[in-house]
Structure formats: structure tokens, C-alpha cells
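*Asks:* This structure is in C-alpha cells; I'll ask about it shortly.
The values are calculated or read from the model by the stated rules, or taken from the named source; none is laboratory data. Computed from a predicted model, the values in this text were never measured in an experiment. Glycine also receives a Cβ, built like all others from the backbone with ideal geometry; neighbour counts cover every protein chain displayed. Ligands, DNA and RNA are stripped out before the accessible areas are found, and what is left, the full protein with its side chains, is counted by its heavy atoms. Shrake-Rupley method; radii C 1.70, N 1.55, O 1.52, S 1.80 Å.
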Amino acid sequence: MPHSQLRIVIVGHVDHGKSTLIGRLLNDTGSLPDGKVEQVREMSRKRGMPFEWAFVMDALQAERDQGITIDTTQIHFKTKQRPYVIIDAPGHTEFLKNMVTGASQADAALLVIDADEGALEQSRRHAFLLHLLGVRQVAVVVNKMDKVEFSSRRYEAVAQEIKDYLAELGLQPKAVIPVSARNGDNIVSRSEQSDWYLGPTVIEQLDAFRPQQTSPDQPLRFPLQDVYKPDDRRILAGRIESGRLRVGDTLHFSPTGASAKVVSIEAWNHPETVLSAQAGQSIGITLDKRIFAERGHIAHHQADAPTLAHRLSVRLFWLVSDPLVVGKTYTLKIATGEHRVTVEQVTAVIDVEDLSSTPGKAVRRNEVAEVVLRSRSPIALDLASDLPRTGRGALIDGNDVVGGCLVVEIEDAAAANITEVSHTVSLEERAQANGHKGGIVWLTGLSGAGKSTLAMALERALFDRGWQTFVLDGDNVRNGLNAGLGFSSDDRAENIRRVAETAKLFADAGMVVIASLISPLKSDRARARVIGGERFHEVHVAADLATCEERDPKGLYKKARAGEIAEFTGISAPYEAPDQPELVIDTDALSRSEALAQLLDYVDETLGKNSLKSEKELTYVI
Amino acid sequence: MSADLDQLENQSIYILREAYNRIDKLAMLWSIGKDSNALLWLCRKAFFGRIPFPVVQLDTAMELPEVYEFRDRITKEWNLDLKVEQCPPEEEMDQTLPPLTRAAARKTEGLKNLLRDHAYQGVMVGIRRDEQATRAKERVFSPRSLEGDWDVKDQPAEFWDHYKTRFPEGVHVRIHPLLAWTELDIWRYSQREGIPIVPLYFARDGKRYRSLGEKNITFPVDSNASTIDEIIAELQVTRIPERAGRAMDNESEDSFERLRSVGYM
């Protein structure tokens, strides 16, 4: 049976002979189908053109007519050692998009340079992009040696020039091979015309390349593609990008922070139970509990988490005529996650000729640059140098993929470059002055459970007693602070995060903040708790769904039942009740005044005068 | 030893799942040949036994009887949501096309009707790059205009598995999960997995179909390979192109390119 195939991309300046080299490789290894050469001879004769090996490759009418390669193409052939896929990438600048498309799939590359012309700008750009795309195995083919009478001096000059350039990129070519693709010198067999050359032929070099391998020993990154419910199972599907996972592992999910244990690795038509899976495998898993997890979230082990970033530096290549400009917002796709990012700075536009760089305001088509991006919500990612598959991405503008990028620097959201200003007024002073502590009373429960009613009543009661208090109501914040957010799961989570952050500021200011939000998911509330710290008090305003639906104060259940509201909590979306709330208020069983009394008692006890007595002994974590 | 088949399988499943997640209204074209049978099999793997979209046969009523028998059996056994789209007659085709190419163009028109009538935004197609030189230039997610035109000179960038999955109104996308496979890979995979095969691929009286198309434009080639093992052995040495038995490919230099540029699969 054949070995794993190797994917080779052939790049280089236009007219330096890429297609001719490929035609020759196919012919000399006996890989062309019967009749192909005759067909091309006939085609050339009809057009009144000399026979060209390149015509074996160029499939399109326009390519044969103009003698150029327009789009990347892939051709299979084999040597004695193994099968290959050859990726022919166009040299023309205007087809760089196609070159990148071809090159990103490759295990190794041949960079073709005309012996007479040397490494022109396009050769350098291609070398740079190969490096950026992560192709580390490169060999250089110095073509058209027949045009320079197989001069070893000319060969040495061209070889040295390109070696120096590659060295600056941190690349070392595996070989620099003098060839004449047209005549077949040093392609499959050694040429008598270059007896001074002792290195490998093109075929020998191809056979010496190694397939790119993913190591299962790296940290686990399992980005979710989708969640399927084929029956009573809930399967999280995706491809493991690095590392491995096993049944029984506890997985953590970024950016939500949710965690659960792997119960099974699901496989169809697979006789044995699957117990582990590793990088490269497209799998599906089930978990021991229902957590909020969706496309774009990345599962990992606790010890090796990806970084959560709001701000990152990327090295980027730009493919379209609309320039990338500072201040513009794009979608950054990393693995399966998509994030809105704004360009904060163009740190450097790189000149591919001499690798010098200058700061700028924009990046133009086919340019390479370093750019700082800022995102609204935290992005789980890695440095491309650590884990390429979760450290590189595509930029999308509207409907189009417009650029690609590698993450080269991350500002950790947790340790962001923000120095907190220490307040001259301490928390204790505020608490003493107000006569109560600051805190967050987080009311969660189904729509209609009575959260808003209770929140408003509590605010009134506390205010009447002279307390500093304010209600943050889910519906109200959506008109202002969070007006830009929609109702996708991402936006809902972000809505809750912002309310939590705002509540924290109020509590820092010494106030009792009453947050009234359905906040149906445990993971979102867990995050709010992390933000609020010990001043966060979770109160479950509990009522039966049937009761809530009967109350239906906003008429929403009726609409949801009629299918007018998608994803309505309790009807078509889950409500995850708290496991260990600080307080449960059962509004089915209690009257309004009883419910309020219970809540007031709790607030009094935890935030009121009595709690201030032990004030000095408490250490606050700000 | 089939690490390479595992790699191809994993990549195809990844593509199928991307398509299913990103494209709203999706269908799969099923020609009942060896490639689309393998694709159906991969769908069952990707979605854990259930194929979550309809499977469409573009029918010219010119398939061989064994093909229809196979279709009906598998549809039942695999519980497929099969839709059969009847293709318009040859008289309605572009008369400037050479005659055999015209016969093949019926499928393109059938596909256009299907897309128009059912508003599919994406169709999965089991083509491979090694089948034919213009297919070698295909993207995994390949957008087509409403009329089915393929703009080969301006295809979307597609690197590191980041496919174009957003399209303006009126554009549909062809998804090609098998592009990276070869004919030999398909046979090795079919053998490994035990995927059912239309018997016409196996030699009888010194002839077998290597590529299965309509009976008026596809012909069996010389072969004594009557098992998958023998087919694999044959493919490892043959220099006869796969589509040698497809009459229209050889009709004129650019017939296949002309067909494809207006929407042929």
C-alpha cells in the first residue's frame, strides 16, 4: 500500500518555469496518462506555438492561449517512493490570492528561480509568504541553466542571493538545485552538463521531504464546530487541532470557563469503544453534564489553557484591493471562532525586497504587515509559534476572506496592561459612612417569576431606610449600556458580563446593586460571580414554569408559544437553576410582601449594620 | 496501513460539518457512482448515522438499470431523504455545444431547476481534483452565480481550512468534500469500510465501467478486474485516464471546460 502522500507547492516569479518543471516531472516519472503528450502536441500545432511542457498542466483555455497559469491547480503523481500532490501556484501578482490558497495546503515547497534573472521581487514575496503560511521545508530550483551555459559561477551567485534572503526569514533551504526544466537536466536524472553540482536531483529532494506531522503531545485544543442531537445524545463535534483527549478527562471550555467530564467519544460504524482521540481527528464527544457550549468555544485541559485576549498583535497578509485601515472593524476567524475586531494600529508594513519595515495607517493588497487588533469580547487563542492552529486565522470583511494572519503577541486579558488606580477613599470608609456595605444582589429566574417586582420593592425599601441602592434591570440596560448587543448566545453572555462589571463598579462605590436578569445559564452566572467576588449574592427567584406562563406579565410566553420568539427561556431554551444560591425565594408559595420580607432579612444580615461590626476583621479583595 | 485514508476521512468530515453549520439550506447530489456513495458514507460518519439533508439524484432517465436498482435499495436501507429531479430534454440544450457534450449538459439544467425550485443555498458534490484538469482548480467551497456560472479566474481565497461561507443573495455554493481524494483512494476506502458498490464497476466478459454515466454517453473499458482488490491492482499500473469511457470529454479540446464554466459538476 502507498505511503502517505506529500503535498508540494511550486512557487516563484512568473515565467521562471514552474509549469514547465511540473510538466517535466510528470512526464519523466511516467505519471502522464497515455495520449496526453500527443494531445498537447496537437494543441500546440493548432495554435501555431512551439511545444511546451507547461501545456500539460494549464487546463484552461485562457491559460493555454496566454501561456500563463491563472489559478492554482493540483496534480497527482508518484515516484518509486511515494505518491505526491503537486500544487501549481500562479506567479502573477494579481493571482497572489490563488498562490496563498495553494501554498497553505503544502508540506513542502519548491521555489523556482530563473538562473538568468535571479530572485526577483515575486520570488522574494513567495518565499516570505511560504514562511508566513508555515511551510518550513523549502528547496530552491535554479531553472533555465541552459540559458547561462550551466555556468557554476552564475549558479553560485543566484544560490547565495536567495540563501541570504531566506536566512533573514529564518529559513534554510534543503537544497539549491541547478536544472533545465525544458531539457530535463537534474530533474529525474543527473545532468552531465553540471558535473560541478554534487547535490540531489529534484526527485531525490522531493523524496527527502517529510510529511508535516501534528504532535499529540502538545496542549489539547478542541474547537467546537457544532452540537448535534441525533437522538437523546448531545454530541459536541469538532476536530482536535492539537494534543489528545480521553474518556474521563475533565475539559474546560474557553472563553466561558465551563467545565465537564468526557463520558464518551462517539463513533459511527466503529466496532470497538473509542477511548481516546488526538490531533487531526474529527470527532464527537458527550459530557457528564449539560453546559453551555457552542461553535467557536475551545475545549482544553485545565493545566494548559489558551490565553484569553482582548488585544493582540498579528502578522498579516492582505489579499484584496480595499486596503485594511486603522479604525475599521473586521471579523477575525480563528479555528471555528469568529470575533469582531477593530484595527487599532498598523505597527509595521514590511518591504518584501529588503525586509525593512515602516509604520503606516493602512495595508494594501499583497502587502505584509504587523497590526494590532482589539476585540470586544475575549478571544481564546495561542501564539502561532506555540500552537499554529489556534494561533492563526483569517480576516473576513462582509462576505469575503480578505487576509490571513498569525498571532505574534497577546495581551492577556487577565493581566491586561491596566494599572488600577488605588482609591483614596477605602471601602470601609464608604461602608461606615453609608451604614451598610456595598454588594450585588443578583436575582435570577424565569421570566414572570417576579424578579423585577421584587427588585423594585427592595430598592424602595432600602432607599426609604436611607441606603445607597440602585436596580440594574435586564431590559433597561439593553436600551443604553448594551444597546449594541443582540440576542445571539454570544451577545447574551456579553450582556450579562457587562451588567456584572457595572454592578461591581456600583458595589465598589458602596452601593447595594440589585441586578434583575433571567441569566439562564450557570456558566454566565459563574462568570458574574467571579467578577463580583465575595460581594456577589445569587438569589434564585423560583416559580413554576406553569405559574410564570399563567402570569405572563409581558405577554412573552404567548408569543414564544406561537413561535414568534426563537430561543425563549423555559420554552425553547433551557433555564439552569442555581445549585447553591445564597437564597431561594419561592414566589409560588410566598405572597409579595412575604417574599420581600425574606429578601430584606437576607440583605440586612449580609450587608446591613450587623455585618459592619466585624468590619475590621474582614480583608477585602478588590 | 491507511493513515492517509484516515487523514482524508477526517478532513472530509471537517468539511461536511463546516458546510452543515454554515450553509442554511443544503442538499447533496447523488449520482449513485462510487464517489458519491463514499460521500454518503462520510456523511453518515460525520453526523453519527443520520444524513441531515436531502439527497438529490439529477435523473436523465438514461441511467443503466443496475443504477436505479442500487438507488432504490440504498435509499431504503439507509433511510435517505431522496429527491429525484428530472432533467430537461436534450432539444432544449445549447445547440452550439457538440452533440455528446449537449447530452451531458442536461444535468446542468436539471441542477439549475433544482436550485431555482427549492432555493438550496449549497449543494454537496462528490467531485475529485484528479478526475479532470478543470476540476483540479476547484475550491472546497465554490460559489456559483444564480445561472450556475463558475468564475474560475476569480475564486475565493481558501487557506488553512478557512473557507468562504458567506454569500450574497442569489449565489449558491458547491461544496466539494472529496477534492483531495484520488480514484485509488476511493476504492481503497470503499474496500476498507465495506461501502456498497453498483456491480457495473466489476468486470464481466472483459469489460467494466470505470466511470459511471448515462448509457448513451458512457462506455465500459477493457478490464478483467472483478473484485475491489483487482480494481486496486489495476489502478496501480494503468495509464488509461479514468474518464476515457466518457465520450463527451474527448469530443473537443474545451468541451469539459465549457460545460463546467456554465455549471456542470
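*Asks:* Under the condition of being without any contact (Cβ under 8 Å) to a residue 12 or more places away in the chain and either of a type in the set (Asp, Glu) or farther than 13 Å from B:TRP181 by Cα (or both), which residue from the range B:1-17 is farthest from the other protein chains (Cβ to nearest Cβ)?
*Replies:* Within the range B:1-17, the match that is farthest from the other protein chains (Cβ to nearest Cβ) is B:ASP6.
*Asks:* Which condition breaks for B:LEU114 when tested against (1) away from chain A (no Cβ under 14 Å); (2) of a type in the set (A, V, I, L, M); (3) out of contact with any Asp or Glu (no Cβ under 6 Å at 6 or more places or on another chain); (4) open to solvent by less than 40 Å² (accessible area, probe 1.4 Å)?
*Replies:* Of everything listed in (1) away from chain A (no Cβ under 14 Å); (2) of a type in the set (A, V, I, L, M); (3) out of contact with any Asp or Glu (no Cβ under 6 Å at 6 or more places or on another chain); (4) open to solvent by less than 40 Å² (accessible area, probe 1.4 Å), B:LEU114 misses just condition (3).
*Asks:* Specify which of the listed residues (B:ASP59, B:ASP81) is at negative phi, open to solvent by 20 Å² or more (accessible area, probe 1.4 Å) and among the acidic types (Asp, Glu).
*Replies:* The conditions single out B:ASP81.
*Asks:* Which of (1) modelled with pLDDT of 95 or more; (2) over 22 Å from A:PHE95 (Cβ atoms); (3) open to solvent by less than 10 Å² (accessible area, probe 1.4 Å) does A:ASP382 not meet, given it meets every other one?
*Replies:* Exception for A:ASP382: condition (3).
*Asks:* Within the range A:538-577, restricting attention to residues that are within 37 Å of the chain's Cα centre (by Cα) and assigned to a strand (DSSP E or B), which residue is surrounded by the fewest Cβ atoms within 10 Å (Cβ to Cβ)?
*Replies:* Checking each candidate, the answer is A:ALA573.
*Asks:* Further question on the same structure: I'm trying to understand the selection: among the residues of the range B:222-249, which are farther than 22 Å from A:LYS80 by Cβ, touching a residue at least 24 places away in the same chain (Cβ under 8 Å) and buried (at least 16 other Cβ atoms within 10 Å of the Cβ)?
*Replies:* B:ILE228, B:ILE231, B:GLU242, B:ARG243, B:ALA244, B:GLY245, B:ARG246, B:ALA247, B:MET248, B:ASP249
*Asks:* Evaluate the range A:117-131: report whether one residue or more is more than 23 Å from A:ARG7 (Cα to Cα) and small (Gly, Ala, Ser).
*Replies:* Checked against the condition, which is being more than 23 Å from A:ARG7 (Cα to Cα) and small (Gly, Ala, Ser), the range A:117-131 yields at least one hit.
*Asks:* While we're on this one: Give just the number: which of (1) outside any loop (DSSP other than H, G, I, E, B); (2) under 29 Å from A:ALA384 (Cβ atoms) does A:GLY280 not satisfy?
*Replies:* (1)
*Asks:* Also: Quick one: in the range B:180-195, of everything that is open to solvent by less than 30 Å² (accessible area, probe 1.4 Å) and assigned to a loop (DSSP other than H, G, I, E, B), which residue is nearest to the other protein chains (Cβ to nearest Cβ)?
*Replies:* B:THR182
*Asks:* Taking the stated definitions as given, is A:ARG525 open to solvent by 20 Å² or more (accessible area, probe 1.4 Å), under 19 Å from A:ASP475 (Cβ atoms) and touching a helix residue (DSSP H, G or I) at 6+ places or on another chain (Cβ under 8 Å)?
*Replies:* no
*Asks:* Those residues that are modelled with pLDDT under 85, open to solvent by less than 10 Å² (accessible area, probe 1.4 Å) and either over 18 Å from A:THR101 (Cα atoms) or more than 10 Å from chain A (Cβ to nearest Cβ) (or both), I need them from the range B:124-175; list them, please.
*Replies:* Within the range B:124-175, just B:GLY148 meets the criteria.
*Asks:* Could you please find all residues in the range B:18-48 being open to solvent by less than 30 Å² (accessible area, probe 1.4 Å), farther than 23 Å from B:GLU77 by Cα and at the interface with chain A (Cβ under 8 Å from one of its Cβ atoms)?
*Replies:* B:GLU18
*Asks:* Going by what's in this entry, would A:ILE113 be described as among the β-branched types (Val, Ile, Thr), crowded, with 18+ Cβ neighbours inside 10 Å and either within 11 Å of chain B (Cβ to nearest Cβ) or touching a helix residue (DSSP H, G or I) at 6+ places or on another chain (Cβ under 6 Å) (or both)?
*Replies:* Criteria met by A:ILE113.
*Asks:* Out of the range A:325-339, which residues are farther than 19 Å from A:ALA309 by Cβ and either within 11 Å of another protein chain (Cβ to nearest Cβ) or assigned to a strand (DSSP E or B) (or both)?
*Replies:* The one that is farther than 19 Å from A:ALA309 by Cβ and either within 11 Å of another protein chain (Cβ to nearest Cβ) or assigned to a strand (DSSP E or B) (or both): A:VAL325.
*Asks:* Only one of these is within 29 Å of B:HIS162 (Cα to Cα), touching a Leu at 6+ places or on another chain (Cβ under 6 Å) and of a type outside the set (Val, Ile, Thr): A:LEU251, A:LEU236. Name it.
*Replies:* Selected residue: A:LEU236, the only one of A:LEU251, A:LEU236 that is within 29 Å of B:HIS162 (Cα to Cα), touching a Leu at 6+ places or on another chain (Cβ under 6 Å) and of a type outside the set (Val, Ile, Thr).
*Asks:* I'd like to know if the range A:424-442 contains one or more residues that are over 23 Å from A:GLY608 (Cβ atoms), out of contact with any Gly (no Cβ under 8 Å at 6 or more places or on another chain) and surrounded by 22 or more Cβ atoms within 10 Å (Cβ to Cβ).
*Replies:* Checked against the condition, which is being over 23 Å from A:GLY608 (Cβ atoms), out of contact with any Gly (no Cβ under 8 Å at 6 or more places or on another chain) and surrounded by 22 or more Cβ atoms within 10 Å (Cβ to Cβ), the range A:424-442 yields no hits at all.
*Asks:* Which of the residues belonging to the range A:159-177 are touching a helix residue (DSSP H, G or I) at 6+ places or on another chain (Cβ under 9 Å), touching a residue at least 12 places away in the same chain (Cβ under 8 Å) and either in a helix (DSSP H, G or I) or under 20 Å from A:PRO200 (Cα atoms) (or both)?
*Replies:* A:ILE162, A:TYR165, A:LEU166, A:LEU169, A:LEU171, A:PRO173, A:LYS174, A:ALA175, A:VAL176, A:ILE177
*Asks:* Shifting gears a bit: Do we have A:GLN137 as open to solvent by 20 Å² or more (accessible area, probe 1.4 Å), in contact with a helix residue (DSSP H, G or I) (Cβ under 8 Å, 6 or more places away or on another chain), under 22 Å from A:GLN5 (Cα atoms) and more than 13 Å from chain B (Cβ to nearest Cβ) here?
*Replies:* no
*Asks:* Another one. Can you pull out every residue in the range A:256-296 that is free of Cβ contacts under 8 Å to residues at least 24 places away in the same chain and facing chain B (nearest Cβ under 10 Å)?
*Replies:* A:ALA267, A:TRP268, A:ASN269, A:HIS270
*Asks:* Return the residue satisfying two criteria in turn: it lies in the range A:353-377 and is open to solvent by 20 Å² or more (accessible area, probe 1.4 Å) and under 20 Å from A:ARG311 (Cβ atoms), and of such residues it is farthest from the other protein chains (Cβ to nearest Cβ).
*Replies:* A:PRO359
*Asks:* Spot the failing condition for A:VAL40; the list is (1) among the β-branched types (Val, Ile, Thr); (2) within 30 Å of A:VAL368 (Cα to Cα); (3) at pLDDT 75 or above, and only one is missed.
*Replies:* (2)
Here is a yes/no grid of residues against (1) more than 23 Å from B:VAL84 (Cα to Cα); (2) under 20 Å from the mean Cα position of the chain (by Cα); (3) of a type outside the set (Val, Ile, Thr); (4) in a loop (DSSP other than H, G, I, E, B):
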| position | (1), (2), (3), (4) |
| --- | --- |
| B:LEU97 | yes, no, yes, yes |
| B:THR101 | no, yes, no, no |
| B:ALA105 | no, yes, yes, no |
| B:LYS112 | no, yes, yes, no |
| B:TYR120 | no, yes, yes, yes |
| B:ALA157 | yes, no, yes, yes |
| B:PRO168 | yes, no, yes, yes |
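*Asks:* If you go through the range A:146-160 one residue at a time, how many are open to solvent by less than 70 Å² (accessible area, probe 1.4 Å), over 16 Å from A:ASN186 (Cα atoms) and of a type in the set (D, E, K, R)?
*Replies:* 0
*Asks:* While we're on this one: At least 3 residues that are in contact with a helix residue (DSSP H, G or I) (Cβ under 6 Å, 6 or more places away or on another chain) in each: list the helices (runs of 4 or more DSSP H) lying fully within the range B:1-92 that qualify.
*Replies:* B:3-22, B:34-46
*Asks:* Within the range A:9-55, count every residue that is surrounded by fewer than 24 Cβ atoms within 10 Å (Cβ to Cβ), at negative phi and in contact (Cβ under 8 Å) with a residue 40 or more places away in the chain.
*Replies:* Going through the range A:9-55 one residue at a time, the tally reaches 7.
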